[in-house]
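The values are calculated or read from the model by the stated rules, or taken from the named source; none is laboratory data. Predicted model only: the values in this text are computed from it and were never measured. Cβ sites come from the backbone with ideal geometry, for glycine too, and all protein chains shown count toward neighbours. In case anyone asks, the SASA skips ligands and DNA or RNA and just uses the protein heavy atoms, side chains included. Shrake-Rupley method; radii C 1.70, N 1.55, O 1.52, S 1.80 Å.
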Amino acid sequence: MSSPHLIVAGSGPVGVVAALLASQQGFRVTLLEEAAAVDTNPRAATTHPSTLEMIARLGIIDEFIAAGLTARHFEFWDRVERSRVARLDHALLANDTPYPFVVQTEQHKLANIGLAHLARRSGVDIRFNARVAGLTQDDESVTVTTEGPSGQHAVRADYLIGADGGRSTIRKALDIEFEGYTWPERFIVLTTTFDFEAAMGCCHRTYFADPDEWTNLFKVSGDDGLGRWRAVFPTRVDETDAQALDDVAVQARLKRVWPREALYPVVHRNIYNVHQRVAVRFRQGRAFLAGDSAHVNNPIGGLGLNCGIHDAMELVDTLHAVAFGGADATLLDRYERRRRPQNIEYVQQQTIANKKRLEERDPVAREARFAELRAIEADPVRQREFLMRSSLLESARKVQSID
Ligand SMILES: Cc1cc2nc3c(=O)[nH]c(=O)nc-3n(C[C@H](O)[C@H](O)[C@H](O)COP(=O)(O)OP(=O)(O)OC[C@H]3O[C@@H](n4cnc5c(N)ncnc54)[C@H](O)[C@@H]3O)c2cc1C
């Protein structure tokens, strides 16, 4: 008898993690990706301790850490005063995790490392240029139709994971509502080789509060390993994409973070819509949603992709328990019971609060937020509690107690 077969739609980081774990657990895996290769545009990079534990389980932690930068601290700054408000230290989590730090490795590197491992395994079929166009299912199986340069194909399997991103075809085909809202402003990401740490003394992951325009600044290693900084800003609501991406506007934005005479060397610019949305269901029959197909959020705090990887691990473990471990199929509903409330409580709520903290306009409330951050820094017990939550360790531990 052949082993259970899983289809994963999407070779983003969530799809690749799901496919790799499933293959390691004995599933036959078909990974279907619409594009010709993994998307290398700058997107998520911050990988929290809870997620590093999962990447270690996959056996790729050394490669993953080597491909990025390690950040023990993160900081909050007052951008108006250009002064540090608080510095938080992941070393306080040394008794909670083997990884008391954050790793800034670009998400395409995780996907490509995972794919390289997957390609060496038997029972794995990886198809690029294969867009999942639709699906049907019955009590026994699920069948997807793919479209691509080689025409239309049908693939039948025991289960399907839709890891096909925020615009998920699978979610739409299942007619699952994506509940929530879209922020009126867009976010602009500017990548520069200018060294902010040397210039202003900030660390590799720094959040700047400013009532007029907040900024997130973080360093990644880049494909060349030479290091570069990504600066994320909100656009003005009335600003067009062309205005925001214009050279003069780009330089002005960067100079509001740190003024300098010379032009900033800008190596990449990108603008995108930002949402807070959660699918009303994560499962329908033999089809499941994971990662951005199930939930999207603003990137302040670097939580969305981390939560997506947590989804992938939980889902594959659950499928394994049913397909190989003899657990009753009703266990499959536990995936949604575990992952959907975690996303709402730890990711939606925290990212909305993080945004509010950075953009607070009321001077009294703004000072109160700074005072709270200083008090958290000063008290190791409170600081550890804050870090347990911000690193999703609390969520990852709590979820195990949900039946
Ligand atoms: C422009 C942008 C910038 C971002 N910046 C940040 C950031 O700075 N920090 C942060 O924490 N998060 C950021 N995010 C969010 C983060 O990138 C996502 O949380 C993460 O990519 C989710 O991974 P995923 O694998 O679920 O989905 P994705 O990475 O979107 O991967 C989905 C994959 O599915 C494929 N696909 C789509 N439809 C189909 C189909 N029908 N058939 C087959 N394949 C399909 C896509 O081509 C893609 O490869 C950003 C997102 C965007 C869009």
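So here's what we get for this one:
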quantity: Some residue of the stretch 48-62 being outside any helix (DSSP H, G or I) and touching a residue at least 60 places away in the same chain (Cβ under 8 Å); calculated: yes
quantity: Options Arg156, Arg127, Arg131: the member that is more than 16 Å from the ligand (Cβ to nearest atom), open to solvent by 60 Å² or more (accessible area, probe 1.4 Å) and modelled with pLDDT of 95 or more; calculated: Arg156
quantity: Any chance Leu174 is open to solvent by less than 60 Å² (accessible area, probe 1.4 Å), within 15 Å of the ligand (Cβ to nearest atom) and touching a Lys or Arg at 6+ places or on another chain (Cβ under 7 Å); calculated: no
quantity: Tally of residues being assigned to a helix (DSSP H, G or I), small (Gly, Ala, Ser) and under 9 Å from the mean Cα position of the chain (by Cα) across the stretch 293-306; calculated: 1
quantity: Single match in Ala111, Ala86 (criterion: in contact with a Phe, Trp or Tyr (Cβ under 6 Å, 6 or more places away or on another chain) and open to solvent by less than 40 Å² (accessible area, probe 1.4 Å)); calculated: Ala86
quantity: Flag if Asp89 is acidic (Asp, Glu) and within 28 Å of Ala365 (Cα to Cα); calculated: yes
quantity: Any hit, the stretch 318-326, residues being of a type in the set (Ser, Thr, Tyr), surrounded by 18 or more Cβ atoms within 10 Å (Cβ to Cβ), within 16 Å of the ligand (Cβ to nearest atom) and assigned to a helix (DSSP H, G or I); calculated: no
quantity: Search result, residues across the stretch 159-169 that are more than 7 Å from the ligand (Cβ to nearest atom) and of a type outside the set (Phe, Trp, Tyr); calculated: Leu160, Ile161, Gly162
quantity: In the stretch 4-36, residue nearest to the ligand (Cβ to nearest atom) [restricted to those that are open to solvent by 30 Å² or more (accessible area, probe 1.4 Å) and either closer than 20 Å to Tyr99 by Cα or hydrophobic (A, V, I, L, M, F, W, C) (or both)]; calculated: Ala35
quantity: Hits in the stretch 37-55 (condition: within 7 Å of the ligand (Cβ to nearest atom) and open to solvent by 50 Å² or more (accessible area, probe 1.4 Å)); calculated: Asp39, Asn41, Arg43
